[in-house]
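Since every read-out is calculated from the coordinates, none of them should be taken as a lab result. It should be emphasised that the depicted structure is a prediction, and the values quoted were computed from it without experimental measurement. Positions of Cβ are backbone-derived with ideal geometry, glycine not excepted, and every protein chain shown enters the neighbour counts.
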């Protein structure tokens, strides 16, 4: 017994299969690039995904060719004359040409297909690069400084997960306003970070102190904030910092730091494993890249932050 399938169901299945053919190769090639230490593993993932889609399309074309319908029966001529295999031009449906076919009608179909895929992939890469440069950028969490809010992968020191969290940072958000206290921000470190931490480049930390404020850490690891033009502190509520992690780092107890105008003070949620603004100072506004808003990998960690 055959079951008829609606057009909408067929389209949904085609979309699902296309997504699988893109996502599976993309994830595999991205993981291979990461394990080999390649900086642009995401690009390998993008290319791998499109290669998977091309392979799926070629297989589908082969199936269509094998299942091609037989030649039509002769078309009777008007008035009982000689019949012919194809209907007259007036009855023949017009074939819709693809854009390349209209621009280059003399190109062989195989060349147009290859050129169409090359342009599609190149356009997809350009779109991704534009999104990374101006809108949203993906990052992998490499260290335990933000545990347990953001996980890094074992066996690195202090890491609690089998896979590092992959996050998205909104670059364009900082073009519309300053970050807020408590935001998780991606930024370029000041030069002193290399001296104090032995590492520099792109860090992910939580924003604690705003421009003009004074930040103080008491003997219990609690953070206190003194706003500009004020002579009193108030305690900062930090539900994201566990009590045991707060008390594990006593090296900064009793210290205070002033945040210059136009700069921001950052700390990690895992205070004992975080080399942050307490060591190398505040970060200029121009060094901020974007605010973290979403974890997209691994699957059990997907969600907004």
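Length gained on full extension, residue 122 to residue 222: 30.9 nm, using 0.36 nm per residue less the C-alpha separation. The simple spin-label model puts a point 7 Å past each Cα toward its Cβ; for residue 237 and residue 293 those points are separated by 2.4 nm.
Using the Cβ-Cβ distance between residue 302 and residue 248 with R0 = 22 Å, the FRET efficiency computed as 1/(1 + (r/R0)^6) comes to roughly 0.15. A simple spin-label model places the labels of residue 132 and residue 195 3.3 nm from each other, with each point 7 Å out along Cα-to-Cβ.
Across the stretch 274-299, the residues whose backbone nitrogen lies under 17 Å from the label position 7 Å along the beta-carbon direction of residue 172 are 289-294.
Which FRET efficiency, nearest 0.05, do residue 230 and residue 188 yield, Cβ-Cβ r, R0 41 Å? The calculated FRET efficiency here is 0.85. The slack between residue 104 and residue 154, meaning 0.36 nm per residue of separation minus the straight C-alpha distance, is 12.5 nm.
Peptides 196-205, 292-301, ordered by how many other C-beta atoms sit within 10 Å of their residues on average, highest first, read 196-205, 292-301. Here the peptides 153-163, 272-282 are ranked by packing, the mean other Cβ count within 10 Å, and the order with the highest first is 272-282, 153-163.
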